[in-house]
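The values are calculated or read from the model by the stated rules, or taken from the named source; none is laboratory data. Please read all numbers here as calculations on a predicted model, not as lab measurements. Cβ placement follows ideal geometry from the backbone for every residue including glycine, while neighbour counts extend to all protein chains displayed.
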């Protein structure tokens, strides 16, 4: 796994997807609160923060799938903000069995069938 991620707490998994032009620091005030009751996964998307820049066009949905597989998490609550909301939505459409809850904060949505 080449994406930078951090894991906190125990309990039901919750993955946080930051907005575009930002990194996982978007969630710095939320992570301590959530980690009291949940297994929180926060990560820098490809080309953000401490994750590498894409060599070819990035597939953020596949990156999220790879991260969950790497961490052996079969299903998680997925929280996305802005562009992260778009990624979360597209992930939920493609892999509904991997999403227990979908929480969107001011999502940027794209067209889809």
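Structural remarks
- Filtered by the rule that a residue be assigned to a loop (DSSP other than H, G, I, E, B), touching a strand residue (DSSP E or B) at 6+ places or on another chain (Cβ under 6 Å) and surrounded by 15 or more Cβ atoms within 10 Å (Cβ to Cβ), region 1-19 gives 3, 9, 19.
- Members of region 54-87 that are more than 13 Å from the chain's Cα centre (by Cα) and in contact (Cβ under 8 Å) with a residue 40 or more places away in the chain: 70
- Here residue 40 does not qualify as closer than 24 Å to residue 110 by Cα and touching a helix residue (DSSP H, G or I) at 6+ places or on another chain (Cβ under 8 Å).
- Which listed residue is out of contact with any strand residue (DSSP E or B) (no Cβ under 9 Å at 6 or more places or on another chain), closer than 13 Å to residue 14 by Cβ and free of Cβ contacts under 8 Å to residues at least 40 places away in the same chain, from 90, 36, 97: 36
- Close contacts from region 1-27, counting a first residue that is modelled with pLDDT of 95 or more and a second that is surrounded by fewer than 15 Cβ atoms within 10 Å (Cβ to Cβ) and in a loop (DSSP other than H, G, I, E, B), with Cβ to Cβ under 7 Å and a gap of 6+ residues or different chains, come to 4/50; 9/36; 11/37.
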